[in-house]
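The values are calculated or read from the model by the stated rules, or taken from the named source; none is laboratory data. On a predicted model such as this, the values are computed, not experimentally measured, just so you know. Positions of Cβ are generated from backbone atoms using ideal geometry, with glycine treated the same way; all protein chains shown enter the neighbour counts. All accessible areas refer to the heavy atoms of the entire protein, side chains included, with ligands and DNA or RNA removed. Shrake-Rupley method; radii C 1.70, N 1.55, O 1.52, S 1.80 Å.
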Amino acid sequence: MTTYEPALDVAVQAQATLGEGPTWDAAASRLIWIDILGSRVHTYDPSTGRRTVMATEQHVGAAKPRAGGGLVLNLRDGVALYDDEGDPATGFRWLHHEPTPGRRANDAAVAPDGSLWAGTMRYDEAPGGGTLSRLTGDGEATTVLDDVAVSNGTGWSPDGRLMYYIDSPTRRVDVFDVSDDGRNVSNRRQLALIEEGEGFPDGLTVDADGCVWVALWGGAAVRRYTPAGTLDRTITLPTPLATACAFGGPDLTDLYITTARVGLSDPHPMSGSLLVVPGAGKGVAQPAFAG
């Protein structure tokens, strides 16, 4: 294993309560990220430095680009579509509305077939209180996992045949086989286990070599695991609450890392900011949601 000490930059200086979900929007050449508890969707164009912030009326677990423009949002009470992400008062509609008292949305990811795999969790993080569901572009929802505590990182191997998944309190990064039609997963097994005292696995991304990069909540690090589950690289961070990571930039070589400051009595100046490691690796182009 190599401890990797790259040039770490602050892409966006911010004080997000719970920064999460970095996603490269190739069509718009920008990064989308969110503040879950701040109910904000942020965008950042690294070529110009332009930033936007959109408020949502509910806690937002994820925001992803749509194939036809706009955004799909995993919100507290369900999954919604924004036709015009610049003005939340217009172009909003529910794709799947399922409010559940005490539960909110969390991380989500778009599969190779354009479906959204959206996670939920209880605010009290009770075991079994969360789910992972698959939503098609027309709003058909199927529960994939129904015994989850904190549904978090989800991603696919470059060939789409494997899906990686994190339920954070288990400390595991799991891997599933994906059916030929992409609708189902099976044969769940452990890829990696985060050691006691090293934090909890949170968001993840998969690179062009099929390696899995995992942000460690409370671990002040991002780790890379090979497809065989071997830890081969660690990026240490100055702030403890790393939440998620994703490759972005025109060549998908820059690793963006979201962070949080919730619960920190003396947060580091970078806590809550969007960080970037230029030239960290090579990512895989992510599909837009088909809805």
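Quick check on Gly249: is it open to solvent by 40 Å² or more (accessible area, probe 1.4 Å), at pLDDT 95 or above, more than 13 Å from the chain's Cα centre (by Cα) and small (Gly, Ala, Ser)?
Spelling it out, it is not the case that Gly249 is open to solvent by 40 Å² or more (accessible area, probe 1.4 Å), at pLDDT 95 or above, more than 13 Å from the chain's Cα centre (by Cα) and small (Gly, Ala, Ser).
Filter the strands (runs of 3 or more DSSP E) completely within region 1-81 down to those with at least 3 residues that are basic (Lys, Arg) and at pLDDT below 95.
In region 1-81, no matching strands (runs of 3 or more DSSP E) lie anywhere.
Asp180 is checked against (1) assigned to a strand (DSSP E or B); (2) more than 18 Å from Ser151 (Cβ to Cβ); (3) open to solvent by 30 Å² or more (accessible area, probe 1.4 Å) and fails just one. What number does that condition carry?
Only one criterion is unmet by Asp180, namely (1).
Tell me yes or no: at least one residue of region 61-77 is surrounded by 13 or more Cβ atoms within 10 Å (Cβ to Cβ), farther than 21 Å from Leu18 by Cα, of a type outside the set (A, V, I, L, M, F, W, C) and touching a Phe, Trp or Tyr at 6+ places or on another chain (Cβ under 7 Å).
Yes - at least one qualifying residue is present in region 61-77.
Working only within region 185-196, note down all residues that are in a loop (DSSP other than H, G, I, E, B) and buried (at least 19 other Cβ atoms within 10 Å of the Cβ).
Listed by number, the list holds a single entry, Ile194.
Arg223 passes all but one of (1) open to solvent by 50 Å² or more (accessible area, probe 1.4 Å); (2) within 18 Å of Ser168 (Cβ to Cβ); (3) part of a strand (DSSP E or B); which number fails?
The single condition Arg223 does not satisfy is (1).
Run down Gly199, Gly160, Gly139 and say which single residue is more than 16 Å from Met121 (Cβ to Cβ), modelled with pLDDT under 95 and either over 17 Å from the mean Cα position of the chain (by Cα) or open to solvent by less than 20 Å² (accessible area, probe 1.4 Å) (or both).
Gly139
Using beta carbons and a limit of 7 Å, which pairs, at least six apart or on different chains, have the first residue in region 146-164 and touching a residue at least 60 places away in the same chain (Cβ under 8 Å) and among the charged types (D, E, K, R) and the second one open to solvent by less than 10 Å² (accessible area, probe 1.4 Å) and part of a strand (DSSP E or B)?
Once the first residue is touching a residue at least 60 places away in the same chain (Cβ under 8 Å) and among the charged types (D, E, K, R) and sits in region 146-164, no partner that is open to solvent by less than 10 Å² (accessible area, probe 1.4 Å) and part of a strand (DSSP E or B) comes close enough.
So which residues in region 203-220 are part of a strand (DSSP E or B) and either open to solvent by 10 Å² or more (accessible area, probe 1.4 Å) or out of contact with any Leu (no Cβ under 8 Å at 6 or more places or on another chain) (or both)?
Gly203, Leu204, Thr205, Val206, Asp207, Leu216, Trp217
Here is a list of conditions, (1) closer than 20 Å to Thr170 by Cα; (2) open to solvent by less than 10 Å² (accessible area, probe 1.4 Å), and Thr239 meets all of them except one; can you say which number that is?
Tallying (1) closer than 20 Å to Thr170 by Cα; (2) open to solvent by less than 10 Å² (accessible area, probe 1.4 Å), Thr239 fails exactly one: (1).
Check off (1) closer than 27 Å to Gly129 by Cβ; (2) of a type in the set (A, V, I, L, M, F, W, C); (3) surrounded by fewer than 22 Cβ atoms within 10 Å (Cβ to Cβ) for Val173 and give me the number that stays unchecked.
With (1) closer than 27 Å to Gly129 by Cβ; (2) of a type in the set (A, V, I, L, M, F, W, C); (3) surrounded by fewer than 22 Cβ atoms within 10 Å (Cβ to Cβ) applied to Val173, the lone miss is (3).
Considering only residues of region 252-269 that are within 19 Å of the chain's Cα centre (by Cα) and among the aliphatic types (A, V, I, L, M), which is surrounded by the fewest Cβ atoms within 10 Å (Cβ to Cβ)?
Here the residue is Val262.
Pairs only if they're at least six apart or on different chains, beta carbon under 6 angstrom, first in region 279-291 and over 16 Å from Pro22 (Cβ atoms) and part of a loop (DSSP other than H, G, I, E, B), second of a type in the set (Phe, Trp, Tyr) and open to solvent by 20 Å² or more (accessible area, probe 1.4 Å); list them, first residue then second.
none
If you check every pair at least six apart or on different chains, which have Cβ atoms under 6 Å apart with a residue in region 219-234 that is on the phi > 0 side of the Ramachandran plot first and a residue that is surrounded by 15 or more Cβ atoms within 10 Å (Cβ to Cβ) and not in a loop (DSSP other than H, G, I, E, B) second?
These pairs meet every condition: Gly229/Leu191; Gly229/Ala192.
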